[in-house]
Amino acid sequence: MVSWQRVTLAMFSVGWGANQFAPLLIAYRDELDMSTQTRAFLFGVYALGLIPALLLGGAASDRWGRRALVLPAVLASPLATVLLIVQHESVPGLAVARLLAGVCSGVVFSAASAWVSELSEGEAPGTAARRAAVALSAGFGVGPLVSGLVAEVVPDPLTLSYVPHVVLGALALVLLLPVPGPRPVHAVRRPLLRVPTVTRSRRFLLVVAPVAPWVFGSAAISVAFLPGEITGSSSGELAFAGVLTGVTLGTGVLVQPLARRLDDRRGLLAGQVGLIAAAAAIGLGVLALSADSRWLLMLAAPVFGAAYGCCLVSGLRETERLSLLDERGATVAVYYALTYLGFAAPYALGALAGGGIGARGAMLAAGAAVLVCLVVVTLSASVRRPVDVSGSTT
């Protein structure tokens with residue numbers, strides 16, 4: 001196994017650990033009588049660890065080296081899963097485990113992606129990015145699929161479902177140990193946490209920011225909110241949740257080449273299509289809640305996935321177009337941080353539903369928010385950004 005493969009296996013393992021929790025939310029509801037809000041909080045607290053680690057991880061690895069950041073994170077990822085097992089009846093313990101999983105993800109997503117790029121030098125342009133994206137996407141999809149299927153057949157789903165990741169994480173760490181890390185570059189010492197100028201520009205705030213939260217917001221509604229609101233037969237529901245998560249995230253990956261072609265035709269077109277898909281998926285979700293039907297949820301899953309994939313690609317490409325060359329990495333990190341705000345969507349919907357309007361009312365409110373974002377993006381996209389002679393954006 002060559003060096004870049006060892007790093008991508010580590011990324012796959014951390015991606016697995018990030019999303020394996022999602023299909024088990026139903027098990028926490030049934031086994032521990034956990035409320036919708038508590039489950040949504042445990043799902044979303046992951047982002048509270050991920051966002052600062054994502055913003056800091058890349059810059060820290062520039063200063064101290066990729067290996068110095070990635071190795072501890074890859075070690076901590078299965079330890080976070082062990083904590084999920086040990087603390088499976090404690091909400092504070094589960095919250096700490098999810099927070100730690102988020103920190104691991106943030107560090108690995110930024111620093112390990114840069115490591116793969118450095119280990120892929122001399123190969124065709126885009127090779128390293130594809131390798132990193134495939135590894136993470138596969139981990140995101142396979143992890144919850146396996147944990148959901150395992151949970152369906154084992155006697156103790158809140159512990160045994162996590163064992164595959166512990167084994168995978170240990171293997172990934174052992175295989176990663178021999179990989180050499182490039183020497184850190186000390187020539188330029190920039191602050192580890194800084195907000196690029198372009199992220200405060202009018203175009204970024206009106207075109208990129210409204211799209212970003214619906215990347216993972218769409219996925220989170222599909223996998224972490226709607227399944228827990230279906231109250232019909234409980235037979236096979238854990239396996240169903242695992243498959244639902246796999247379909248949602250898998251579609252999000254498969255649709256990305258199409259999203260790139262749409263964005264090539266016209267900038268931000270894929271983002272607009274993604275927001276339309278999010279509104280349509282929310283409508284299907286309302287129908288599923290009205291009919292109390294899992295199968296309508298499964299019909300909605302690929303539409304949610306399409307929204308996730310299209311919004312991700314379009315927002316990322318517009319971010320790259322807007323960013324200055326020497327701030328591109330930091331600008332992309334800010335964009336990703338905004339996308340992970342979508343993890344709060346199940347919590348927000350749960351709060352609305354508990355406020356008296358019910359789950360369907362909460363979903364309708366989410367649909368209205370998507371349409372407002374679509375109008376803002378559509379109107380703002382028609383106004384091209386001015387560029388001064390130095391190449392900076394205004």
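So which of Leu341, Leu322 is more than 21 Å from Val255 (Cα to Cα), surrounded by fewer than 24 Cβ atoms within 10 Å (Cβ to Cβ) and touching a strand residue (DSSP E or B) at 6+ places or on another chain (Cβ under 9 Å)? Even if it seems obvious, please write down each step before you answer.
Working: Leu341 fails: touching a strand residue (DSSP E or B) at 6+ places or on another chain (Cβ under 9 Å).
The conditions single out Leu322.
If you go through the range 285-314, how many residues are over 14 Å from the mean Cα position of the chain (by Cα), crowded, with 22+ Cβ neighbours inside 10 Å and not aliphatic (A, V, I, L, M)?
Summing the residues that are over 14 Å from the mean Cα position of the chain (by Cα), crowded, with 22+ Cβ neighbours inside 10 Å and not aliphatic (A, V, I, L, M) in the range 285-314 gives 2.
Gln37 - would you say it is of a type in the set (S, T, N, Q), without any contact (Cβ under 8 Å) to a residue 40 or more places away in the chain and either within 27 Å of Gly350 (Cβ to Cβ) or buried (at least 24 other Cβ atoms within 10 Å of the Cβ) (or both)? Break it down stepwise before answering.
Values: of a type in the set (S, T, N, Q): yes; without any contact (Cβ under 8 Å) to a residue 40 or more places away in the chain: no; either within 27 Å of Gly350 (Cβ to Cβ) or buried (at least 24 other Cβ atoms within 10 Å of the Cβ) (or both): yes.
Spelling it out, it is not the case that Gln37 is of a type in the set (S, T, N, Q), without any contact (Cβ under 8 Å) to a residue 40 or more places away in the chain and either within 27 Å of Gly350 (Cβ to Cβ) or buried (at least 24 other Cβ atoms within 10 Å of the Cβ) (or both).
Among Gly93, Gly102, Gly122, Gly106, which is the only one that is of a type in the set (Gly, Ala, Ser) and at positive phi?
Details: Gly93 fails: at positive phi; Gly102 fails: at positive phi; Gly106 fails: at positive phi.
Going through Gly93, Gly102, Gly122, Gly106 in turn, just one is of a type in the set (Gly, Ala, Ser) and at positive phi: Gly122.
Please find, within the range 140-173, the residue that is nearest to Ala76 (Cα to Cα) out of those that are of a type in the set (A, V, I, L, M, F, W, C) and over 26 Å from the mean Cα position of the chain (by Cα).
Within the range 140-173, the subset of a type in the set (A, V, I, L, M, F, W, C) is 140, 142, 145-146, 149-151, 153-154, 158, 160, 163, 166-168, 170-173.
Cutting the leftovers down to over 26 Å from the mean Cα position of the chain (by Cα) gives us 153-154.
Values: Val153: 28, Val154: 26 Å.
Here the answer is Val154.
Can you tell which of Arg183, Arg189 is part of a loop (DSSP other than H, G, I, E, B), at pLDDT below 95 and either touching a helix residue (DSSP H, G or I) at 6+ places or on another chain (Cβ under 8 Å) or surrounded by 13 or more Cβ atoms within 10 Å (Cβ to Cβ) (or both)? Let's see the steps before the verdict.
Working: Arg183 fails: either touching a helix residue (DSSP H, G or I) at 6+ places or on another chain (Cβ under 8 Å) or surrounded by 13 or more Cβ atoms within 10 Å (Cβ to Cβ) (or both).
Unique residue meeting the criteria: Arg189.
Out of the helices (runs of 4 or more DSSP H) lying entirely within the range 222-287, which hold 3 or more residues that are touching a strand residue (DSSP E or B) at 6+ places or on another chain (Cβ under 9 Å)?
Numbers: elements: 226-229, 237-254, 256-265.
Helices (runs of 4 or more DSSP H) meeting the threshold: none at all.
Working carefully through the options Ala241, Ala270, Ala279, find the one that is touching a residue at least 24 places away in the same chain (Cβ under 8 Å), under 22 Å from Pro157 (Cβ atoms) and not acidic (Asp, Glu).
Ala241
Can we say Leu171 is modelled with pLDDT under 70 and not assigned by TED's automatic domain parsing to the domain that holds Val243? If you could, list the steps in order and put the result at the bottom.
Details: modelled with pLDDT under 70: no; not assigned by TED's automatic domain parsing to the domain that holds Val243: yes.
No: the conditions fail for Leu171.
So Ala47 ticks every box in (1) within 17 Å of the chain's Cα centre (by Cα); (2) modelled with pLDDT of 90 or more but one. Which box is left unticked?
(2)
The values are calculated or read from the model by the stated rules, or taken from the named source; none is laboratory data. Remember, predicted model here, so these are calculated numbers, not experimental data. A quick note on method: Cβ atoms are made from the backbone with ideal geometry, for glycine too, and the neighbour counts reach across all protein chains shown.
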